[in-house]
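Structure, as structure tokens:
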Amino acid sequence: MSLLDRLRDLVRRDAEPELSLDAPGLVVVAEAFDIAEADSAVLARSHLWAAGKPAVLRHHLTLPSARIAEAAGILAQDGWELRTVSQSGGTATLHALRVQVLDALHCAQERSRMAGLAQRLGGDSLGWDALQPTGSG
């Protein structure tokens, strides 16, 4: 197959639909709520995760309700969306979400970043999970 044929095939190939935070059919394919477990181990034990495909990375946070806007502004700079799950007694449970291709290094970096952000704002980072469409593997 010539280079020109390969280029034509690439152009003709239907582009994979872009994943959105609210795409239908998303299921949890990996989760990390044990701080002692390495992100590489989390991904390695997942039988549902489709490596190399986009996923919604979702960090679970608790923050004082008064700090939500500040956190949202900081996270938005890097493409994260912050959503409130619940609020009670001045504390909010939140999800920080972003679509990305997962790998252990980036999961670990983002886990550390979320923990630091939550701590600076008087909250806590509980862990993360990743969602992909059913049948993405």
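The values are calculated or read from the model by the stated rules, or taken from the named source; none is laboratory data. Computed from a predicted model, the values in this text were never measured in an experiment. Don't worry about glycine lacking a Cβ; one is built from the backbone with ideal geometry, like all the others, and counts go over all protein chains shown. What goes into the accessible areas is simple: the full protein's heavy atoms, side chains included, and nothing from ligands, DNA or RNA. Shrake-Rupley method; radii C 1.70, N 1.55, O 1.52, S 1.80 Å.
Of all the residues in the range 36-49, those that are aliphatic (A, V, I, L, M), under 13 Å from D129 (Cα atoms) and part of a helix (DSSP H, G or I) number 2.
With respect to the numbered conditions (1) in contact with a strand residue (DSSP E or B) (Cβ under 9 Å, 6 or more places away or on another chain); (2) modelled with pLDDT of 95 or more; (3) open to solvent by 50 Å² or more (accessible area, probe 1.4 Å); (4) not β-branched (V, I, T), which one is the sole condition not fulfilled by W49? Among (1) in contact with a strand residue (DSSP E or B) (Cβ under 9 Å, 6 or more places away or on another chain); (2) modelled with pLDDT of 95 or more; (3) open to solvent by 50 Å² or more (accessible area, probe 1.4 Å); (4) not β-branched (V, I, T), the lone unmet condition for W49 is (2).
Being within 14 Å of the chain's Cα centre (by Cα) and crowded, with 17+ Cβ neighbours inside 10 Å, is that true of even one residue in the range 31-40? Checked against the condition, which is being within 14 Å of the chain's Cα centre (by Cα) and crowded, with 17+ Cβ neighbours inside 10 Å, the range 31-40 yields at least one hit.
Can you name the condition, by its number, that I74 falls short on among (1) open to solvent by 50 Å² or more (accessible area, probe 1.4 Å); (2) in contact with a strand residue (DSSP E or B) (Cβ under 6 Å, 6 or more places away or on another chain); (3) farther than 21 Å from E37 by Cβ? With (1) open to solvent by 50 Å² or more (accessible area, probe 1.4 Å); (2) in contact with a strand residue (DSSP E or B) (Cβ under 6 Å, 6 or more places away or on another chain); (3) farther than 21 Å from E37 by Cβ applied to I74, the lone miss is (2). Only residues that are under 14 Å from R98 (Cβ atoms) and in a strand (DSSP E or B) were counted in the range 50-88, giving 11.
The requirement of being out of contact with any Gly (no Cβ under 6 Å at 6 or more places or on another chain) and within 16 Å of Q109 (Cα to Cα) is satisfied by L43. In summary, A92 fulfils each of the numbered conditions (1) more than 21 Å from A55 (Cβ to Cβ); (2) free of Cβ contacts under 8 Å to residues at least 60 places away in the same chain; (3) open to solvent by 30 Å² or more (accessible area, probe 1.4 Å) with the single exception of condition (3). Pairing residues of the range 18-39 that are in contact (Cβ under 8 Å) with a residue 40 or more places away in the chain and at negative phi with residues that are basic (K, R) and not in a strand (DSSP E or B), at Cβ distances under 8 Å and at least 6 apart in sequence or on separate chains, gives A32/R111; D39/R111. Just to be sure, is L117 in contact with a Leu (Cβ under 7 Å, 6 or more places away or on another chain), assigned to a helix (DSSP H, G or I), modelled with pLDDT of 95 or more and surrounded by 17 or more Cβ atoms within 10 Å (Cβ to Cβ)? So L117 does not fit the description; no. When you check P64 against the structure, is it more than 12 Å from the chain's Cα centre (by Cα) and modelled with pLDDT of 95 or more, yes or no? Yes. A single member of L19, L102 is crowded, with 17+ Cβ neighbours inside 10 Å, farther than 14 Å from W128 by Cβ and either at pLDDT below 95 or under 12 Å from the mean Cα position of the chain (by Cα) (or both), and it is L19.
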